[in-house]
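See structure below.
The values are calculated or read from the model by the stated rules, or taken from the named source; none is laboratory data. All values reported here derive from a predicted model rather than from experimental measurement. No Cβ is skipped: glycine too gets one built from the backbone with ideal geometry, and neighbour counts run over all protein chains shown. Protein only, heavy atoms only, side chains kept; ligands, DNA and RNA dropped before computing areas. Shrake-Rupley method; radii C 1.70, N 1.55, O 1.52, S 1.80 Å.
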Amino acid sequence: MELRLYDTLSREKRTFVPLDANNVRMYVCGPTVYDFAHIGNARPVIVFDVLFRLLRHLYGEAHVKYVRNITDVDDKINDRAARDFPGLPLNEAIRKVTEQTGKQFHADVDALGALRPSVEPRATEHIAEMREIIEKLIAGGFAYAAEDHVLFSPQAMNAANSVLPHYGALSNRSLDEMIAGARVDVAPYKKDNTDFVLWKPSKPGEPSWPSPAGIAAQGRPGWHIECSAMAWKHLGEHFDIHGGGIDLVFPHHENEVAQSCCAFHQQRMANYWMHNGFLQVESEKMSKSLGNFITIHELLQDWPGEVLRLNMLKTHYRSPIDWTMKSLEESAKTLDDWYRVAADVAPGKPAAPVIEPLLDDLNTPQAIAALHGLRGGDVNALAGSLRLLGFLSESNAQWEGRKQQASGVDAKEVERLIAERTAARSRKDFKESDRIRDLLAAMGVAIKDSKEGTTWEVAR
Ligand SMILES: [Zn+2]
């Protein structure tokens, strides 16, 4: 069975052939650490975690390298640091912001059941590589220094007669149209309006490093060069998969390709470009101004991370997703059921009907349909398949216990009431037995009578 992936660059599903099956390499753009991650940020984390797990299943755990960076130098970080820690020197305040936000991000994505990537490089630890790439670009005639900035010229790239790809190929834009459509009030240090920043001078007090290109003033990198440098350092000049949200295709990924291919004289940076679709909340675009901006942290107060994970995977990663309360409730019910039947059984081999749709460009909705199919049959295969997808991280008792804790239900009190009700039923005091059932219902506890006795669960 072969894996097929949709590649944004060639705009088709292609069979995945790794450059080296012993070292399958994937890079995914990670967060800029300045604030709580929102639920839209969770989508690439979960989607590419499923791909990481699938690749490990196919090629072996030791043969897959997954790099997801942390952007820890950015204007938004500087603004946040100045606002939150006005008494501290800016660099110290920035460290506080990036440390706190980075920790929060890890707590969030761990709760979502996402494996940690093989490497999580930080931009500020790769300044030397960024400078090196910038020097190569200048030497090759693709970049130039002006007024303490270094700029990349897409027009120089497209004029070069070589193996290089065309600027605009990934995002399917024509450079001529970009030139025609660019804003008129272009920065004075740019030769052409489509040139983009590789390096810029730091303002006083901001993080700064010695500049490339013989620039005397200290400076800092542009955003795009960070990913080119970190991908190069950890995955080499040319690797297998580059992923991220669809909003990153232009300009971020287009510029990454330009920088990396021109610096290393490569036709490609990555062989497969994968992008997850947008996320909406209750059919509206999520935004702070609309007041529907939800963080992962907030959702985790009300739902176990695996519920958020399942809810995300019910939609194919390339389709837009509508994040709704109704869908979350359904996902919670499904997981309650899967936990009950599969969390405590020996996991079998992941089932072929689950793997097959995953091999077809990560068709998770179809894989989930196959899981429902296993529910009434091979529960060992169900357990193994769920684990492959990052579910069932705890026992059913732990799962139920957490639900009770979250709902504030006192399990001992519930057991006592159920025993009282059983006694009432055995003496045929149905008025009393109904009274206790209603009391439990008011506490948010649903009970179920069967031949084996009475079981209960916290009704969400
Ligand atoms: Zn990136």
Options Ala229, Ala213; residue that is buried (at least 16 other Cβ atoms within 10 Å of the Cβ), within 16 Å of the ligand (Cβ to nearest atom) and closer than 24 Å to Gln155 by Cα: Ala229
task: Select from the range 404-419 the residues that are open to solvent by 20 Å² or more (accessible area, probe 1.4 Å) and touching a helix residue (DSSP H, G or I) at 6+ places or on another chain (Cβ under 6 Å) and write down the one among them that is farthest from Asp344 (Cα to Cα).
output: Ala411
- prompt: Consider His224 against the criteria (1) over 28 Å from Asn78 (Cα atoms); (2) part of a helix (DSSP H, G or I); (3) of a type outside the set (Ser, Thr, Tyr): it satisfies all of them except one. Which criterion is unmet?
  reply: (1)
- prompt: Can you tell which of Asn161, Asn172 is polar (S, T, N, Q), under 30 Å from Val64 (Cβ atoms), assigned to a loop (DSSP other than H, G, I, E, B) and open to solvent by 30 Å² or more (accessible area, probe 1.4 Å)?
  reply: Asn172
field: Search result, residues across the range 360-403 that are touching a residue at least 60 places away in the same chain (Cβ under 8 Å) and surrounded by fewer than 18 Cβ atoms within 10 Å (Cβ to Cβ)
entry: Asp360, Ser393, Arg402
- line: Only one of Pro353, Pro365 is touching a Gly at 6+ places or on another chain (Cβ under 8 Å) and under 19 Å from Leu3 (Cβ atoms), namely Pro353
- prompt: If you go through the range 187-206 one residue at a time, do you hit one that is of a type in the set (A, V, I, L, M, F, W, C), more than 31 Å from the chain's Cα centre (by Cα), open to solvent by 60 Å² or more (accessible area, probe 1.4 Å) and over 19 Å from Val249 (Cβ atoms)?
  reply: no
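Condition check ((1) of a type in the set (Val, Ile, Thr); (2) in a helix (DSSP H, G or I)) across all residues:
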{"residue": "Gln366", "(1), (2)": "no, yes"}
{"residue": "His372", "(1), (2)": "no, yes"}
{"residue": "Ala381", "(1), (2)": "no, yes"}
{"residue": "Ser385", "(1), (2)": "no, yes"}
{"residue": "Glu394", "(1), (2)": "no, no"}
{"residue": "Glu400", "(1), (2)": "no, yes"}
{"residue": "Ile418", "(1), (2)": "yes, yes"}
{"residue": "Thr422", "(1), (2)": "yes, yes"}
{"residue": "Ala441", "(1), (2)": "no, yes"}
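Would you pick out the residues in the range 237-251 that are out of contact with any Cys (no Cβ under 7 Å at 6 or more places or on another chain) and either farther than 22 Å from Ser10 by Cα or within 12 Å of the ligand (Cβ to nearest atom) (or both)? Reasoning before the result, please.
Going through the range 237-251, the residues out of contact with any Cys (no Cβ under 7 Å at 6 or more places or on another chain) turn out to be 237-243, 245-247, 249-251.
Within the range 237-251, His242, Gly243, Gly245, Asp247, Val249, Pro251 qualify.
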query: Identify, please: which residue in the range 46-91 is among the small types (Gly, Ala, Ser) and out of contact with any helix residue (DSSP H, G or I) (no Cβ under 8 Å at 6 or more places or on another chain) and is, among those, farthest from Gly102 (Cα to Cα)?
result: Gly60
message: With in a helix (DSSP H, G or I), within 16 Å of the ligand (Cβ to nearest atom), touching a strand residue (DSSP E or B) at 6+ places or on another chain (Cβ under 7 Å) and more than 27 Å from Ala37 (Cα to Cα) as the only criterion, which of Ala258, Ala263 stands out?
response: Ala258
Single residue of Arg25, Arg83, Arg53, Arg95 found to be farther than 30 Å from Trp323 by Cβ and assigned to a helix (DSSP H, G or I): Arg95
field: Hits in the range 60-78 - residues which are free of Cβ contacts under 8 Å to residues at least 24 places away in the same chain and in a helix (DSSP H, G or I)
entry: Glu61, Ala62, Asp75
message: Six or more apart or on different chains, Cβ atoms under 8 Å: show the pairs whose first residue is in the range 31-58 and closer than 24 Å to Leu299 by Cα and whose second is aromatic (Phe, Trp, Tyr) and open to solvent by 30 Å² or more (accessible area, probe 1.4 Å).
response: His38/Phe293; Gly40/Phe278
